[in-house]
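This report refers to the structure that appears directly beneath it.
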Amino acid sequence: MTPAYATEGYSPSGAAQYADQFWHSYNTAYRSYANSGGDGTNFVSQALDDTRSGHTSGFLNNDYWNWYYYYYDSSGYHISPSLDWINANALHTYVGANPHGSAYNIGWHGASGSYSAVKSYDISSMIIGDLHFYHWSGDTAGANHAAIAVAYLSDGETLVDAHTTDHYHTRWDLGASGATYYLDRMHNPINFY
């Protein structure tokens, strides 16, 4: 059953503040995946959703939308984090795929490619609270790391915070060479019809 019309509030500055607070001192309210595949996407999901951060109305993180840290089903059974919550490629797909058609739209895929191919998009279009995904050379296809935009350099390039190899206000490319970058914009607010 599709929920009735609702608007999900998203605070980009709140998400950035959360990321700045927990970039190195992991929030103990959440499990860390740093030693089991990486914590980058879990951290980005927290910044988007934690009530102390970007999430302002409580509608987006639930079992219907398939993006959640945990929830209890109708019989009271605790459900663990969704793949979209903890996997970079799954979250990247979730942001732009509109999994429930025109009834749902969290964001859109802005640009993808090499550093030189997406640098101008980063400068002209990315804002605080947007998402950066990375595909490292030699790894399996698709995004395999995530970070969140938190500030700007003087030339307009975004700075990001990230987990696993913890980064605080690091230039959005993370100093990687040979990576493919995916830059995703977030809607604010997010509308459900």
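The values are calculated or read from the model by the stated rules, or taken from the named source; none is laboratory data. Please read all numbers here as calculations on a predicted model, not as lab measurements. Glycine gets a Cβ as well: all are built from the backbone with ideal geometry, and neighbour counts include every protein chain shown. Note: accessible area is taken over every heavy atom of the protein model, side chains too, but ligands, DNA and RNA are not part of it. Shrake-Rupley method; radii C 1.70, N 1.55, O 1.52, S 1.80 Å.
Taking each residue of region 123-152 that is in a strand (DSSP E or B) and looking for partners that are open to solvent by 30 Å² or more (accessible area, probe 1.4 Å) and among the aromatic types (Phe, Trp, Tyr) with beta-carbon atoms closer than 6 Å, six or more apart or interchain, yields Phe133/Tyr182.
When each of Thr164, Thr180 is tested for being among the β-branched types (Val, Ile, Thr), touching a residue at least 12 places away in the same chain (Cβ under 8 Å) and closer than 14 Å to Asn42 by Cβ, the lone residue that passes is Thr164. Screening region 70-98 for residues that are surrounded by fewer than 14 Cβ atoms within 10 Å (Cβ to Cβ), part of a loop (DSSP other than H, G, I, E, B) and not charged (D, E, K, R) and picking the one that is modelled with the highest pLDDT gives Ser80. Please go through region 154-193 and give me each residue that is under 16 Å from Val118 (Cα atoms), in a loop (DSSP other than H, G, I, E, B) and open to solvent by 60 Å² or more (accessible area, probe 1.4 Å), ordered by number. Residues satisfying the conditions are Asp155, Gly175, Ser177.
Here Ile123 clears all of (1) under 18 Å from the mean Cα position of the chain (by Cα); (2) over 21 Å from Gln46 (Cβ atoms); (3) at pLDDT 90 or above; (4) surrounded by fewer than 18 Cβ atoms within 10 Å (Cβ to Cβ) except the condition numbered (1).
Is it fair to say Trp67 is touching a Leu at 6+ places or on another chain (Cβ under 9 Å), open to solvent by less than 30 Å² (accessible area, probe 1.4 Å), at pLDDT below 80 and within 23 Å of Asn188 (Cβ to Cβ)? Taking the combined requirement at face value, the residue satisfies it. Scanning region 126-139 for residues that are surrounded by 18 or more Cβ atoms within 10 Å (Cβ to Cβ) and more than 21 Å from Ala16 (Cβ to Cβ) turns up just one, His135.
Residue-by-condition table, conditions (1) within 11 Å of the chain's Cα centre (by Cα); (2) at negative phi; (3) open to solvent by 10 Å² or more (accessible area, probe 1.4 Å):
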| site | (1), (2), (3) |
| --- | --- |
| Gln17 | no, yes, yes |
| Asp20 | no, yes, yes |
| Trp23 | no, yes, yes |
| Asn27 | no, yes, yes |
| Arg31 | no, yes, yes |
| Ser36 | no, yes, yes |
| Asp39 | no, yes, no |
| Asn42 | yes, yes, no |
| Gln46 | yes, yes, no |
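In a residue-by-residue description of region 103-119, the property of being more than 18 Å from Val44 (Cα to Cα), assigned to a loop (DSSP other than H, G, I, E, B) and either modelled with pLDDT of 85 or more or within 14 Å of the chain's Cα centre (by Cα) (or both) applies to at least one position. The set of residues from region 126-156 being aliphatic (A, V, I, L, M) and under 18 Å from the mean Cα position of the chain (by Cα) comprises Met126, Ile127, Ile128, Leu131, Ala143, Ala146, Ala147, Ile148, Ala149, Val150, Ala151.
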